[in-house]
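Colleague: Below is the structure I would like to discuss, written out as structure tokens.
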Amino acid sequence: MAKKHLRVIDLFAGAGGFSLGLKQFGEKSSSISFQHVWANDFNKDAVATYNANFGNICVGGDINAVLNHQSHLIPKADLVIGGPPCQGFSLLNRNRTLDPRKQMWIPFMEIVKLSGACMFVMENVPELLASAEFMDIQEYAYELGFDLKSTKLLASDYGVPQARTRAFIFGSRLGKIGSEFPPLRTHYNPKAVDSIDWSRYIEHPKPWRTVKDAIGDLPEPVGTEIRGINGLEALHFGRMPTEMSLARYRAIPGEGMNRFDLLRNAPELTPECWKRKKSGGTDLFGRLWWDRPSVTIRTEFFKPEKGRYLHPSQHRPITHREAARIQTFPDDFIFKGTKTEVARQIGNAVAVALAEHVAASIAKHFTLFKLQKKINKDVKHSIQAIG
């Protein structure tokens, strides 16, 4: 049977983590591949990164401006994927109610409509599924003839060494979405085996991948700048911490320690604002554990004051390369832009290995529909022959 190539549009594409997951699945599959035909992102460095890895198909600029003035650029597609800006829904955003970024699902769905896509997958923070906007998305999708299924997926359950939970909305006009989505889990929490519902897993799942699995083989970082365009050394650089920062790192030497341990071990090194803050932010100035998945990699993972981003044993925050590996980007993936921009691309990306499993669900759904269509056609022909 000839391999079917599904045409894909990637919106709010960023570096292309979602696209890469689809591409990797297609390279392994004997029946389905994904052909990326168009993409869009507002950030010019993200566009440059996407085009460096997938060909010159990502168009930069405001998606609403594209719809208003260049809608003729949008090609026909079978599938639209993407993650509209999630900051509007995030619990970290104190102005969630009026945030205009909560409405970016509208141009997403407009491009689904214009492209004639029969499937779409929207990715976002888990809070989306409890929002009024989710109800609007459902209503709009139903009007276009889509069946919908939504779920929250923990990246650790799919081979990503990171405890990152994301919401996925799968829409199809091919037919009802069944057990093919969400994908069966491939990895399990080894500390919770007695309470696991194994029916949600593949036949022989593996234990969660850990920080050590992801970065344990890396040497100490060299320099403080990006070197080259790809490869291990390109992003495996350090920072220039102050003496105060170094002293703080040394005051919390053990895996899993954080700002509360700093206060106990070295109160003189603890910022006054942390002393007054008795709750919340427990991961600030926290060290990762070697034998666990990482916490969620965000866009400022290189700043220990922003979260649990200290290396498990070395006195430094994790590097861009380490963060990219935790997001399951391969070392040969090309990133474009400044250190800050590359960090933003890494933190905002869909974890590649998770995207690959979502791709498997999409492919399975498409195959099941085509198989059913063939069965119905064969039955019809048989009835006609008998008649």
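The values are calculated or read from the model by the stated rules, or taken from the named source; none is laboratory data. Bear in mind that the values here come from a model prediction, so they are computed numbers and not experimental data. Neighbour counts run over all protein chains shown; Cβ positions are idealised from the backbone, glycine included.
Colleague: Here's a check for you: in region 329-342, which residue that is out of contact with any Gly (no Cβ under 9 Å at 6 or more places or on another chain) and hydrophobic (A, V, I, L, M, F, W, C) is surrounded by the most Cβ atoms within 10 Å (Cβ to Cβ)? Steps first, answer last, please.
Modeller: Step one: filter region 329-342 for residues out of contact with any Gly (no Cβ under 9 Å at 6 or more places or on another chain), giving 330, 334-342.
When the remaining residues are screened for being hydrophobic (A, V, I, L, M, F, W, C), the result is 334-335, 342.
Details: 334: 17, 335: 26, 342: 22.
That would be 335.
Colleague: Right, another one. Select the strands (runs of 3 or more DSSP E) contained entirely in region 1-87, then report the ones holding at least 2 residues which are under 19 Å from the mean Cα position of the chain (by Cα), in the same structural domain as residue 119 (by TED's automatic domain parsing) and within 27 Å of residue 360 (Cβ to Cβ).
Modeller: Filter on region 1-87 gives 4-11, 32-41, 79-82.
Colleague: Another question about this same structure. Note down all Cβ pairs under 6 Å where the first residue falls in region 162-179 and is without any contact (Cβ under 8 Å) to a residue 60 or more places away in the chain, the second is buried (at least 20 other Cβ atoms within 10 Å of the Cβ), and they're at least six residues apart or on different chains.
Modeller: Short answer, once both residue conditions are applied: 167/124; 167/128; 169/122; 171/120; 171/141; 171/146; 173/118; 173/146.
Colleague: Among the residues of region 269-304, write down those that are over 25 Å from residue 216 (Cα atoms) and not in a loop (DSSP other than H, G, I, E, B).
Modeller: 269, 272, 273, 274, 275, 276, listed by residue number.
Colleague: One residue is enough: does region 193-208 have a residue meeting the conditions buried (at least 21 other Cβ atoms within 10 Å of the Cβ) and either in contact with a helix residue (DSSP H, G or I) (Cβ under 9 Å, 6 or more places away or on another chain) or among the basic types (Lys, Arg) (or both)? Before the answer, list the steps.
Modeller: The initial filter retains those residues of region 193-208 that are buried (at least 21 other Cβ atoms within 10 Å of the Cβ), namely 208.
If we keep only those that are either in contact with a helix residue (DSSP H, G or I) (Cβ under 9 Å, 6 or more places away or on another chain) or among the basic types (Lys, Arg) (or both) as well, we get 208.
Looking for residues that are buried (at least 21 other Cβ atoms within 10 Å of the Cβ) and either in contact with a helix residue (DSSP H, G or I) (Cβ under 9 Å, 6 or more places away or on another chain) or among the basic types (Lys, Arg) (or both), one finds at least one in region 193-208, hence yes.
Colleague: Additional query: I'm checking my understanding of the structure. Among residues of region 273-305 that are among the polar types (S, T, N, Q) and touching a residue at least 40 places away in the same chain (Cβ under 8 Å), which one is farthest from residue 346 (Cα to Cα)? Spell out how you get there, then give the answer.
Modeller: Taking region 273-305 as the starting set, the residues that turn out to be among the polar types (S, T, N, Q) are 279, 282, 294, 296, 299.
Next, from what is left, pick out any that are touching a residue at least 40 places away in the same chain (Cβ under 8 Å): 294, 296, 299.
Working: 294: 14, 296: 11, 299: 7 Å.
Among those that are among the polar types (S, T, N, Q) and touching a residue at least 40 places away in the same chain (Cβ under 8 Å), it is 294.
Colleague: Further question on the same structure: Please state which one of 345, 327, 314 is among the polar types (S, T, N, Q) and either without any contact (Cβ under 8 Å) to a residue 24 or more places away in the chain or farther than 26 Å from residue 43 by Cα (or both). Show your work before the answer.
Modeller: Details: 345 fails: either without any contact (Cβ under 8 Å) to a residue 24 or more places away in the chain or farther than 26 Å from residue 43 by Cα (or both); 327 fails: either without any contact (Cβ under 8 Å) to a residue 24 or more places away in the chain or farther than 26 Å from residue 43 by Cα (or both).
Criteria check complete, one pass: 314.
Colleague: Residues of region 211-262 being of a type in the set (D, E, K, R) and in a helix (DSSP H, G or I), which ones? Steps first, answer last, please.
Modeller: Start the filter on region 211-262 by keeping residues that are of a type in the set (D, E, K, R), which leaves 212-213, 217, 220, 225, 227, 233, 239, 243, 248, 250, 255, 259, 261.
212, 213, 233, 243, 248, 250, 259, 261 - these are the residues of region 211-262 that are of a type in the set (D, E, K, R) and in a helix (DSSP H, G or I).
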